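The values are calculated or read from the model by the stated rules, or taken from the named source; none is laboratory data. What you see is a predicted model; the values in this text were computed from it and never measured. Heads up, the Cβs are rebuilt from the backbone with ideal geometry, glycines too, and the neighbour counts pull from every protein chain shown.
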Amino acid sequence: MSNNKKSSIPSTINWFDSNEAFDNLFPDSNSSLMKRHWTPLEVAKKAAQFLAAEKNVQILDIGSGVGKFCLAAANYMPLAFYTGIEQRGNLVEQAIQAKEILGLKNVDLLHGNFSTMNFKNYDHFYFFNSFYENFSFSQNMDNQIEYSKELYEQYTYLLKTKLESKPSGTRLATFHSTEEEIPADYLVVGTEMKNTLKFWVKI
Ligand SMILES: C[S@@+](CC[C@H](N)C(=O)[O-])C[C@H]1O[C@@H](n2cnc3c(N)ncnc32)[C@H](O)[C@@H]1O
């Protein structure tokens, strides 16, 4: 990896000890702006416990960034399989390097737009307010993509439609969601982290 983290960190380190330790897997770990966009470990653990309640389920993270949710969830709840889809190629590269360092086998980190994903291939879903970057210009990660209110509305509508197509019993965990993407037949069955993390089940 470009900053040579793989060779400079002792092999005995427990990456899951703290967010500080885990974030050292990534080249931009010192950037508070970047870290604001990744799921904290304790949130990933709670969300994974909800989503991976049964064995062998397929879980999709919609907008996976450097893969922090997928990698942490794969460690905490190893009997499920996690896929992340992320539009920024440089973040996917970092995610794949971190996956290799962690030696996780139950994660796939893909480069692309969630709009191309077939939701039939996944049982349950995680969503950390991925489209909000189209509004929060002062907190944007970079200038790689165009931000617009139209894109926010288009993605939000598409995600809602894809979630609507899923069968009863589908689980969704949202972190800091505006809830505009959530279909009416998904009901809240639990909340954590002062209501910022919500658990939904389709009736
Ligand atoms: C708030 S970050 C969350 C990252 C990760 N889910 C986590 O929890 O650690 C949202 C990510 O969604 C990505 N994203 C936004 N719109 C997307 C789209 N249409 N398709 C794929 N990724 C998208 C952004 O590039 C960003 O990396």
Select from region 91-109 the residues that are in contact (Cβ under 8 Å) with a residue 40 or more places away in the chain and within 13 Å of the ligand (Cβ to nearest atom) and write down the one among them that is nearest to P27 (Cα to Cα).
Q94
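For region 108-127, which positions are out of contact with any Gly (no Cβ under 7 Å at 6 or more places or on another chain) and crowded, with 20+ Cβ neighbours inside 10 Å?
Kept after step one, since they are out of contact with any Gly (no Cβ under 7 Å at 6 or more places or on another chain), are these residues of region 108-127: 108, 112-113, 115-127.
Matches in region 108-127: Y122, D123, H124, F125, Y126, F127.
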The lone exception for K202 - which of (1) closer than 22 Å to S32 by Cβ; (2) in contact with a Ser or Thr (Cβ under 6 Å, 6 or more places away or on another chain) it fails:
(1)
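Looking only at region 65-80, which residues are under 17 Å from H111 (Cα atoms) and either in contact with a Pro (Cβ under 8 Å, 6 or more places away or on another chain) or of a type outside the set (D, E, K, R) (or both)?
Filtering region 65-80 down to residues under 17 Å from H111 (Cα atoms) leaves 65-71.
Passing the criteria: G65, V66, G67, F69, C70, L71.
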Conditions (1) part of a helix (DSSP H, G or I); (2) within 9 Å of the ligand (Cβ to nearest atom); (3) closer than 17 Å to F175 by Cα: number failed by I85:
(1)
Output the residue which, of all residues in region 65-82 that are more than 22 Å from E20 (Cα to Cα) and either modelled with pLDDT under 95 or surrounded by 21 or more Cβ atoms within 10 Å (Cβ to Cβ) (or both), is farthest from the ligand (Cβ to nearest atom).
A80
